[in-house]
Amino acid sequence: RDLWKWTHKHSREINEVIQLELRRLPEEWPARARIWERLHDELYYRGSQVAQKGQVLLEAKAVLVQSITRHAVRADQDGFELAAVNSGVKVSEVGAALLDDGAAVAMMWFATPDGFVHSLRSRGRCHVGELAGSFGGGGHPQAAGFVSPRIVDPEHVLLRAFALPGCIATTIDARASE
């Protein structure tokens, strides 16, 4: 998504329909090809209907994200806020919503047979790749993650963030510019 330009009038709506269809794809290739062919025909011959369907999907996603973020817990240290919530769906969107709501770092987690997956997001106030690395994971400055045998307490993540130069420096810089 980061590299997409969203230049088509209904890019977001059409993307939602494509994402829905991708989740429906069976494993065997002939069936996959038929679904892609049907989707192509729908876009080519009935593009406005696909965009309307996509608009409904976008609205449903917004309601879902809002209902998830409503349950976020927040940890604060000197104005540096971490918001955390249990969610294994729409992780990027949930993280973006928590950041939009003022958190410096968003943490989403969910259980798998291998442990608890923790996803971290930031918009530059903390290098979450370094933060995830301190828990044995990794990633990029604005999106990262790690797996743990248990849920890591948001307060512990916040304290670990303050121990990293990448979080302290950018937090101080952000406060100085406000």
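The values are calculated or read from the model by the stated rules, or taken from the named source; none is laboratory data. On a predicted model such as this, the values are computed, not experimentally measured, just so you know. Cβ atoms come from the backbone with ideal geometry, glycine included; neighbour counts cover every protein chain shown. What goes into the accessible areas is simple: the full protein's heavy atoms, side chains included, and nothing from ligands, DNA or RNA. Shrake-Rupley method; radii C 1.70, N 1.55, O 1.52, S 1.80 Å.
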- Hey, does region 55-73 have a residue that's of a type in the set (A, V, I, L, M, F, W, C) and more than 25 Å from Val17 (Cα to Cα)? yes
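Can you confirm whether Val105 is in contact with a Ser or Thr (Cβ under 6 Å, 6 or more places away or on another chain), open to solvent by less than 40 Å² (accessible area, probe 1.4 Å) and under 24 Å from Ala161 (Cβ atoms)?
Details: in contact with a Ser or Thr (Cβ under 6 Å, 6 or more places away or on another chain): yes; open to solvent by less than 40 Å² (accessible area, probe 1.4 Å): yes; under 24 Å from Ala161 (Cβ atoms): yes.
So Val105 fits the description; yes.
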Restricting region 134-156 to residues that are out of contact with any helix residue (DSSP H, G or I) (no Cβ under 7 Å at 6 or more places or on another chain) and open to solvent by less than 30 Å² (accessible area, probe 1.4 Å), the one farthest from Gly79 (Cα to Cα) turns out to be Ser148
With the first residue restricted to region 60-75 and required to be within 14 Å of Lys90 (Cβ to Cβ), and the second required to be among the β-branched types (Val, Ile, Thr) and open to solvent by less than 70 Å² (accessible area, probe 1.4 Å), Cβ contacts under 8 Å at 6 or more apart or on different chains are Val65/Val94; Ile68/Val85; Ile68/Val94; Thr69/Val85; Thr69/Val94; His71/Val85; Ala72/Val85
With the first residue restricted to region 136-151 and required to be β-branched (Val, Ile, Thr), and the second required to be outside any strand (DSSP E or B), Cβ contacts under 9 Å at 6 or more apart or on different chains are Val147/Asp114; Val147/Phe135; Val147/Gly136; Val147/Gly137
When region 16-57 is checked residue by residue, the ones that are touching a Lys or Arg at 6+ places or on another chain (Cβ under 8 Å) and assigned to a loop (DSSP other than H, G, I, E, B) are Leu25, Pro26
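Residues are listed down the side, and each one gets a yes or a no for (1) modelled with pLDDT under 90; (2) more than 17 Å from His10 (Cα to Cα); (3) open to solvent by 100 Å² or more (accessible area, probe 1.4 Å):
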{"residue": "Leu25", "(1), (2), (3)": "yes, yes, no"}
{"residue": "Arg34", "(1), (2), (3)": "yes, yes, yes"}
{"residue": "Glu37", "(1), (2), (3)": "yes, yes, yes"}
{"residue": "His40", "(1), (2), (3)": "yes, no, yes"}
{"residue": "Tyr44", "(1), (2), (3)": "yes, no, yes"}
{"residue": "Gly47", "(1), (2), (3)": "yes, no, no"}
{"residue": "Val50", "(1), (2), (3)": "yes, no, no"}
{"residue": "Val56", "(1), (2), (3)": "no, no, no"}
{"residue": "Lys61", "(1), (2), (3)": "no, no, no"}
Given the conditions (1) modelled with pLDDT under 95; (2) within 23 Å of Thr69 (Cβ to Cβ); (3) surrounded by 17 or more Cβ atoms within 10 Å (Cβ to Cβ), every one holds for Glu130 apart from (2)
